[in-house]
Amino acid sequence: MKRLEGKRAVVTGGAQGIGAAIARRLADEGAVVAVLDLSAEKADEVLGAPHIGVACDVSDTASVDAAFAQVAQRLGGVDVLVNNAGIGSAPGDGMAEYYAGQAARAGGDETAFADQTIHCADEGWSRVLAVTLDGAFRCSRAAVRIMSEQGTGGSIVNIGSTAALAGNGPVPYVTAKAAVLGMTRAMARELAPRGIRVNAVNPGATETPIYAPLPEEVKAAVAADSVMNRLAQPEEVTGAVAYLASDDASFATGSTINVNGGAWFS
Ligand SMILES: NC(=O)c1ccc[n+]([C@@H]2O[C@H](COP(=O)([O-])OP(=O)(O)OC[C@H]3O[C@@H](n4cnc5c(N)ncnc54)[C@H](O)[C@@H]3O)[C@@H](O)[C@H]2O)c1
């Protein structure tokens, strides 16, 4: 018997990258999976029947609630939620100025600084948090409502980031991911009496489509952060998620598994 047999799992941002790899892994381990993403067509392409793709914008409460209602109706309930959808940057968040400052400094201009904060407008800040933090909250709330009604417990796995620990990323993104880890702990305490476990996985730099446009030397510099001197493949993150989703992790809650090639020890 596969360890996720009989489980109904939701993976947000599951149309590509780490989310798609997680969706495939959970399906391989026996779960029936709902892939949620902005485009229902792309979400549908990840797995065939009996799995489903559902359109969902995690930054929008009405969209989240409608998507979970659809999942509950089509799959008969929800046992596992993987909050994977997240964005590292958004227009107006100051990253363009940050990169410009970084390039000028690398070119010898000592009056230039790689600054994000002083250039970050409210809209850029809010957008990153709306998807990466608020989205995880909204989906958790929708899933917990369904799990509570079922009365059979459940497992929520939040995808954090090594950047939440090391601070090496855009300021709104690092803030959002650190908050996701705090939310993981608070919900773990709150939901234990309902039999709902809440844990997190912090990936290190992982070779997903977000790395495709980057020059090789940038990828090499990121890889050098890890003692393995390489990026992870998305599939390498999925084992920790499948474990936490499953009953193998029946005594694990409020915990975080780092999968980062030694980029940060904790
Ligand atoms: N790739 C890395 O190096 C890395 C490292 C640490 C953590 N992470 C985290 O892992 C997760 C996945 O990263 P990835 O590299 O696979 O990202 P990605 O950009 O390749 O994929 C993200 C998916 O989320 C979807 N998405 C974006 N906004 C959404 C919204 N509002 N509603 C629903 N779906 C939305 C996108 O359409 C896309 O399919 C993210 O939370 C990311 O922060 C990634």
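All of the numbers you see were taken from the coordinates with simple rules; none came from a lab. Since the model is a prediction, treat every value here as computed from it, not as a measurement. Positions of Cβ are backbone-derived with ideal geometry, glycine not excepted, and every protein chain shown enters the neighbour counts.
Some observations on this one:
- Using only alpha-carbon positions in segment 16-153, the gyration tensor eigenvalues give semi-axes of 38, 17, 12 Å once each is multiplied by 5 and square-rooted (largest first).
- Folded to 0 to 90 degrees: helix 61-75 orientation relative to the chain principal axis, Cα: 40
- Contact order, relative form, for segment 196-239: 45 percent (alpha carbon pairs under 8 Å, 6 or more residues apart, mean separation divided by residue count).
- Per-bin percent of Cα-Cα distances, segment 186-266 [5 Å]: 3, 14, 21, 18, 14, 11, 9, 6, 3, 1
- Taking only Cα atoms of segment 95-147, radius of gyration then Dmax in Å: 17.7, 57
- Here's how it looks for Val198: its modeled amide H is under 5 Å from those of Ile156, Gly254, which are all 5 or more places away or on a different chain.
- Counting only alpha carbon atoms, the long axis of helix 17-28 and the longest principal axis of the chain meet at about 20°.
- Counting only Cα atoms, segment 74-202 measures 61, 26, 20 Å along its principal axes, largest extent leading.
- Contour minus Cα-Cα distance for Thr152 and Lys2 (0.36 nm per residue): 52.1 nm
- With kT/(6 pi eta Rh) evaluated at 25 °C and eta = 0.890 mPa s, and Rh the Kirkwood radius from Cα pairs, the chain diffuses with a coefficient of 130 µm²/s according to Stokes-Einstein.
- Average projection area in nm² (convex hull over Cα atoms of segment 39-110, one quarter of hull surface): 7.5
- Available extension along the chain between Ala212 and Glu41 is 59.4 nm, counting 0.36 nm per residue and deducting the alpha carbon span.
- Dividing the mean sequence gap of close Cα pairs (under 8 Å, 6+ apart) by how many residues segment 156-212 holds gives a relative contact order of 48 percent.
- Relative contact order (percent, whole number), the chain, Cα cutoff 8 Å, 6+ residue spacing: 18
- Mean ellipticity per residue at 222 nm, deg cm²/dmol - from DSSP H runs of n ≥ 4 across the chain, formula -39500 (n - 2.57): -13000 deg cm²/dmol
- FRET efficiency for the pair Ser126 and Asn168, taken as 1/(1 + (r/R0)^6) with r the Cβ-Cβ distance and R0 = 22 Å, rounds to 0.50.
- Tilt relative to the chain, helix 95-106 - C-alpha long axis, 0 to 90 degrees, to 10: 40
- With neighbours defined as other Cβ atoms within 10 Å of a residue's Cβ, the residues His51, His119 order from fewest to most as His119, His51.
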